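Okay, so here's the structure we're looking at.
The values are calculated or read from the model by the stated rules, or taken from the named source; none is laboratory data. What you are looking at is a predicted structure, and each value in this text was computed from that prediction instead of being measured. In this analysis, Cβ positions are derived from the backbone assuming ideal geometry, glycine residues included, and neighbour counts consider all displayed protein chains. In case anyone asks, the SASA skips ligands and DNA or RNA and just uses the protein heavy atoms, side chains included. Shrake-Rupley method; radii C 1.70, N 1.55, O 1.52, S 1.80 Å.
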6 protein chains.
Amino acid sequence: MRILLINPNTTAAVTEQAAAHVRQVLHRRLIPAEIVPVTGRFGARYIASRAAAAIAGHAALDALAANVAGCDAVYLACFGDPGLLALKEVSPVPVVGMAEGALHLACTRGRRIGIVTGGVLWKPMLTEFVAMLGLTERLAGIRTVAPTGGEIARDPDAALGRLAAACRDCAEIDGADVVVLGGAALAGLAERVQPQVAVPVICSVEAGARAVIATAGLAGARPALPPTESVGLSEDLARMLSADR
Amino acid sequence: MRILLINPNTTAAVTEQAAAHVRQVLHRRLIPAEIVPVTGRFGARYIASRAAAAIAGHAALDALAANVAGCDAVYLACFGDPGLLALKEVSPVPVVGMAEGALHLACTRGRRIGIVTGGVLWKPMLTEFVAMLGLTERLAGIRTVAPTGGEIARDPDAALGRLAAACRDCAEIDGADVVVLGGAALAGLAERVQPQVAVPVICSVEAGARAVIATAGLAGARPALPPTESVGLSEDLARMLSADR
Amino acid sequence: MRILLINPNTTAAVTEQAAAHVRQVLHRRLIPAEIVPVTGRFGARYIASRAAAAIAGHAALDALAANVAGCDAVYLACFGDPGLLALKEVSPVPVVGMAEGALHLACTRGRRIGIVTGGVLWKPMLTEFVAMLGLTERLAGIRTVAPTGGEIARDPDAALGRLAAACRDCAEIDGADVVVLGGAALAGLAERVQPQVAVPVICSVEAGARAVIATAGLAGARPALPPTESVGLSEDLARMLSADR
Amino acid sequence: MRILLINPNTTAAVTEQAAAHVRQVLHRRLIPAEIVPVTGRFGARYIASRAAAAIAGHAALDALAANVAGCDAVYLACFGDPGLLALKEVSPVPVVGMAEGALHLACTRGRRIGIVTGGVLWKPMLTEFVAMLGLTERLAGIRTVAPTGGEIARDPDAALGRLAAACRDCAEIDGADVVVLGGAALAGLAERVQPQVAVPVICSVEAGARAVIATAGLAGARPALPPTESVGLSEDLARMLSADR
Amino acid sequence: MRILLINPNTTAAVTEQAAAHVRQVLHRRLIPAEIVPVTGRFGARYIASRAAAAIAGHAALDALAANVAGCDAVYLACFGDPGLLALKEVSPVPVVGMAEGALHLACTRGRRIGIVTGGVLWKPMLTEFVAMLGLTERLAGIRTVAPTGGEIARDPDAALGRLAAACRDCAEIDGADVVVLGGAALAGLAERVQPQVAVPVICSVEAGARAVIATAGLAGARPALPPTESVGLSEDLARMLSADR
Amino acid sequence: MRILLINPNTTAAVTEQAAAHVRQVLHRRLIPAEIVPVTGRFGARYIASRAAAAIAGHAALDALAANVAGCDAVYLACFGDPGLLALKEVSPVPVVGMAEGALHLACTRGRRIGIVTGGVLWKPMLTEFVAMLGLTERLAGIRTVAPTGGEIARDPDAALGRLAAACRDCAEIDGADVVVLGGAALAGLAERVQPQVAVPVICSVEAGARAVIATAGLAGARPALPPTESVGLSEDLARMLSADR
């Protein structure tokens, strides 16, 4: 099984960090899958606003078109899943987003889900994303810490205490009985935070990857779309859109 | 008052058609506003899929960054409003989308809103858009006719009968007491369809423009966002994102 | 364009204050519309309870029947909009309520709407009104200050600090990114409060008037109702109900 | 126990019919309660529009103020319950509406509730009423027959077949597992319709009365409202509103 | 009228306490009904977890099958109503649960309902139960005190202060305008708590019983189920399931 | 990895069929997990009513207590998941239900989920189950065919046509873009139905198993419950409930 891991921001170090963590999860679970990591060609260094996310949707499509050939599934590895529905629409293989996959699996571990992530602007965006998934009723609350994912990636030790405190607030104030620690840049921090939190803390990078693997090869294909004529796009993306599948 | 009218698809003829209709509405209502039309630089010729809409969100941001200077408000003139929330976030002046504005005004004319548009793939996209607006309870139903907006624009007479029938079904089957005829390419068809429909039929191009005018200059500015570093974007867009407003 | 401005309470001074503010808005925006103000013939001096609002629904119908002839639109100028749907049902021209219009326009300026008004009993009534509009998902919260609209009208300076504090709480605690300052008696206070609040503050009197103007002449008429026989009503209202339109 | 039965329309024959049916129910169940019937002083002969219902809210308050002294509970005996929340607010004793009481009891008899009544304009009004009660999730559907309540009262035999067919459609098409036959004028028809319907059919007049009796004397009083000054109302109503309770 | 009162936990003292309180209510209201109390044969001594409630659903069915013959209605007398829908499905006479009945009647006394009960694990279970009833919109909040129902029953005086404080918090913080004091073991405490609370406080044992009486004999029977073959159940329950009704 | 597969009905042949299908899925995907199948000790032969499901909740707890030792995860292998939340509460290892797991994975394959199963009484039960999961917005519709799961298991060929037709109706009438074929007894039929359906058809037995595997070992444990005293239960279950974990 080959999984295309798309990081739709433009920082290759984040892509590598997420890919490394997923490979470690696969190895620990004896799952024989290969990860094909790819980074967005254009857009924000780190996605922390609606504008950056909107551009990232285009960048993710661009990355998909150039790299999906030969893959069995696609992991959209940004917590917030920019362009998710568009990728699902045109991809020849199943696509699962990091927040999408992590939240659906979290629903099987607890009744009310808390979300903790870095960057204060993510809260309204994730609120709408959860609503788009139809999971609002399952949401206990979303708490952000001030450092963004990028800042946490550069100095995770400095952020651990604040992340743990936010997770505890999700449990104790918001009533969450499971918390998703969200963000590609937070890969691996869940197990370090867990000892300080009374309810299960889920790593979004791992949970998203588990959801991708669970979905790959499940059921038949979606019907193809009619071809779309375009201008000014990369050759791969233009060809994917115009394909008469 | 100068209004930037952004058509986020890449067909200039649609931009001109929408701008002409808006100018006519303004003239008829004696409103002294100037329309500045702009067409997307890249993306689909006509937007009729999620992938095309995702790319159009980027194209609309790109058009905004290059053209908003000196304008008092922005009219995102595509029914489905690609990139709407991202534009609102970064724009220095109010932004109203065609579907957003038309649907909110329609809510003051009827209790249950019907939507009729061209292109069968729009139905799920508009369903989600209405949910994102929080107006699902007000929605009677969405009906699409097979010809897309582009096809209707090329031969409106051929589509009139089907559009009128869909409007009547909205009223009689779905229980709509007002119908929005949606789409830049359908500008001006509402009044031709009205005589065949028992409930009010609203032209989305006109209603959206009315909402833009109603919103321009209403209340103070939103707080500025922190600057965002990016790569691979147009110079104007990169500058807008990185601006320390 | 002639707009019938109905104040459904029985205090003419409030009617005059609202009409004056609307005329000022129209003048500033160069919109050539005439305001025809009318005050309720019976009911509470100030509407601050469900009973007063129920009676005001009848009074608004009574005022409509007596004064709508020759008007192009109706502005139900009480924040809470007593009798709104009944007026829409029987009126020959479009009717927009102050809260209705202000809230729909506010939705284009922010994702989550806060409401601040005077009189503690309004909170549950407005909660239900927002639900009736179908806008509950867009509501961040409703905050009332102790002085009623009537008391604020008599001494606005004394209330400014409390209104500004309530607006700030809407933004900072409830997460509103736009606040509607609601109430005919609060006409013009939004711009005085704005400098103390980080998010846009909307004047309900102005926003409602803008929504009336945006709606006037938009689309065709609603189907007529069957005539209703009645007893004990004013001659005008009885005639309007029994009309075989 | 004395129950004030308010018919908020202005047709005394409907009041008498409802009162007679309630007395029969009480007698059959050995419940020693007295019915005090009262008819609205002004408004529509039969309530079949939003305007008529808005006026009836005022008329019901007027009737309450003049007649509630010495009563232990109030039965607002019109299916659609005009003015319900306003009456609850000012009444010194519990108030239950016919639709309110019948629907809450129906919820204990079935999972999904169907409503059948006379007069096609009631459907949107009842849809909103059910939403106001918060019972929308429990609603299977609302079906109206063309003859209004008034017409059914004059010739019930002619309407029986259509009412039974509508009840069956509620069960078979809408999935209702209990149906409420709503309307003061339909008192006693449920048992005649029942043999033709596979699911339980509830008489709204009886069920509402049962709910009034179940609620009378249950728990303490609501806090009093501040007094309200008014003009142009009946002496009793003005006194009730201005009372410093 | 004979009412089967099923206590689905396995503590006969709670059954007797609830039955005694219901008999007192009936006597005070001159209602000639007989109470047939029965206690669960297996399961938890006190129900304070999901597992205990799941087992209690089976125990309640078992008790119903053995004792319903000759009864006119069933009162499932545990606040949380384990097995409620299953009992309704197979019972030959109407079944009303304590929480179900109390909450529906409470809806006629206030707009927003607070719930106070003993045992902290009940909060999520009751949240889901209220959602299952479709009454979430009417819920102001649920507050639990640390002592469980069993502990309160053994020393009610010690719990009164905490229960009153929780009721006040429901009113003042959550915005409840009526509070249901829930639990078989709290029978009779509502009237002792009422003087310390500004909004009506409803005794769930009394309100549930009133709802049972209001429902008994209302409308026809539900359609019978197909027979079900089983193994390992009590003879009475197996016979009830296999009955070809 | 050892997975306890609990069939909460009392027909061992269904248990074996489900276990065999899961083993085949694991083998095909090279996942080294062991299945430990167990059948309910008491209750209905086939679960096709609320009463049968309520008893099955107890039977599933009973099976869990007797067999969970040494297992890493629990698969509650009945589509409708009787007792699901109670099992999650007391189990020392993660529990995933067949419908729960299949529906959450289906959400990553389509926007609107259709459900097809055998036995007409399941429709309202599954409607409530989907609501309990919080997935109602994602549900396109539920369609049942007349033969129950038990009957389909005995003669799958006879049911294939009706199942395929129901799947097509889900897609074409209800608007589902993915369909879950639900039921332990329908194991393996999805791939036979798929060629006749235009949208992906998911086998609930396989999808549920994939979700169990995805969840096993994800994140830490839930907090333990306080011990519960009981009477009349199996020794294993009584011990599990009374355990001071």
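Quick notes on this structure:
- Breaking point among (1) out of contact with any helix residue (DSSP H, G or I) (no Cβ under 8 Å at 6 or more places or on another chain); (2) in contact (Cβ under 8 Å) with a residue 12 or more places away in the chain, for C:Pro195: (2)
- Scan of region D:41-58 for residues that are open to solvent by less than 10 Å² (accessible area, probe 1.4 Å) and more than 7 Å from every other protein chain (Cβ to nearest Cβ), ordered by number: D:Ala56
- In region D:132-155, residue most open to solvent (accessible area, probe 1.4 Å) [restricted to those that are within 14 Å of chain E (Cβ to nearest Cβ) and in contact with a helix residue (DSSP H, G or I) (Cβ under 7 Å, 6 or more places away or on another chain)]: D:Thr136
- Any hit, region A:156-177, residues being open to solvent by less than 10 Å² (accessible area, probe 1.4 Å) and facing another protein chain (nearest Cβ under 10 Å): no
- Matching residues, region E:104-124, being among the aliphatic types (A, V, I, L, M), open to solvent by 10 Å² or more (accessible area, probe 1.4 Å) and either over 18 Å from E:Val179 (Cα atoms) or more than 12 Å from chain F (Cβ to nearest Cβ) (or both): E:Leu121
- Unique residue being over 16 Å from E:Gly101 (Cα atoms), open to solvent by less than 10 Å² (accessible area, probe 1.4 Å) and either modelled with pLDDT of 95 or more or of a type in the set (D, E, K, R) (or both) when the list is E:Pro8, E:Pro37: E:Pro8
- In summary, A:Gly182 fulfils each of the numbered conditions (1) crowded, with 21+ Cβ neighbours inside 10 Å; (2) in contact (Cβ under 8 Å) with a residue 60 or more places away in the chain; (3) in contact with a Lys or Arg (Cβ under 9 Å, 6 or more places away or on another chain) with the single exception of condition (3).
- Residue count, region F:59-81 (criterion: open to solvent by 10 Å² or more (accessible area, probe 1.4 Å) and touching a His at 6+ places or on another chain (Cβ under 9 Å)): 0
- Positions within region D:116-136 being outside any helix (DSSP H, G or I) and either outside the structural domain of D:Val193 (by TED's automatic domain parsing) or under 25 Å from D:Ala153 (Cα atoms) (or both), in sequence order: D:Val116, D:Thr117, D:Gly118, D:Gly119, D:Val120, D:Leu121
- Where helices (runs of 4 or more DSSP H) fall entirely within region D:185-245, those with at least 2 residues that are surrounded by fewer than 23 Cβ atoms within 10 Å (Cβ to Cβ) and more than 8 Å from every other protein chain (Cβ to nearest Cβ) are at D:190-193, D:235-242.
- For region C:84-105, a residue qualifies if it is outside any helix (DSSP H, G or I) and either touching a strand residue (DSSP E or B) at 6+ places or on another chain (Cβ under 7 Å) or among the small types (Gly, Ala, Ser) (or both), and the qualifying residues are C:Ser91, C:Val93, C:Pro94, C:Val95, C:Val96, C:Gly97.
- Scope region F:185-200; condition in contact with a His (Cβ under 8 Å, 6 or more places away or on another chain) and of a type outside the set (A, V, I, L, M, F, W, C); matching residues: F:Gly188
- For the condition modelled with pLDDT of 95 or more and either assigned to a strand (DSSP E or B) or outside the structural domain of D:Gly80 (by TED's automatic domain parsing) (or both), D:Gly141 qualifies.
- Look at region B:21-41: where a residue is assigned by TED's automatic domain parsing to the domain that holds B:His58 and outside any strand (DSSP E or B) and a partner is open to solvent by less than 20 Å² (accessible area, probe 1.4 Å) and of a type in the set (Ser, Thr, Tyr), sitting 6+ places away or on another chain with Cβ atoms under 7 Å, you get B:Gly40/B:Thr10.
Results for (1) over 24 Å from F:Leu218 (Cβ atoms); (2) out of contact with any Cys (no Cβ under 9 Å at 6 or more places or on another chain); (3) charged (D, E, K, R), shown as yes or no for each residue.
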position: F:Gly70; (1), (2), (3): no, yes, no
position: F:Val90; (1), (2), (3): no, yes, no
position: F:Ala102; (1), (2), (3): no, no, no
position: F:Ala106; (1), (2), (3): no, yes, no
position: F:Leu133; (1), (2), (3): no, no, no
position: F:Glu151; (1), (2), (3): yes, yes, yes
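- Test: residue in region E:84-94 that is hydroxyl-bearing (Ser, Thr, Tyr) and either crowded, with 24+ Cβ neighbours inside 10 Å or within 12 Å of chain F (Cβ to nearest Cβ) (or both): yes
- Region F:93-108: number of residues that are touching a helix residue (DSSP H, G or I) at 6+ places or on another chain (Cβ under 9 Å) and either of a type in the set (Phe, Trp, Tyr) or over 24 Å from F:Glu137 (Cβ atoms) (or both): 2
- Pairs where the first residue, in region D:45-56, is over 13 Å from D:Gly150 (Cα atoms) and assigned by TED's automatic domain parsing to the domain that holds D:Lys123 and the second is assigned to a helix (DSSP H, G or I) and open to solvent by 20 Å² or more (accessible area, probe 1.4 Å), C-beta under 6 Å, 6+ apart: none
- Residues of region F:25-34 satisfying the condition of being modelled with pLDDT under 95 and open to solvent by 40 Å² or more (accessible area, probe 1.4 Å): F:His27, F:Arg28, F:Arg29, F:Leu30, F:Pro32
- Answer residue from region D:59-75, given it is in contact with a helix residue (DSSP H, G or I) (Cβ under 7 Å, 6 or more places away or on another chain) and within 21 Å of D:Ala238 (Cβ to Cβ) and is farthest from the other protein chains (Cβ to nearest Cβ) among those: D:Ala66
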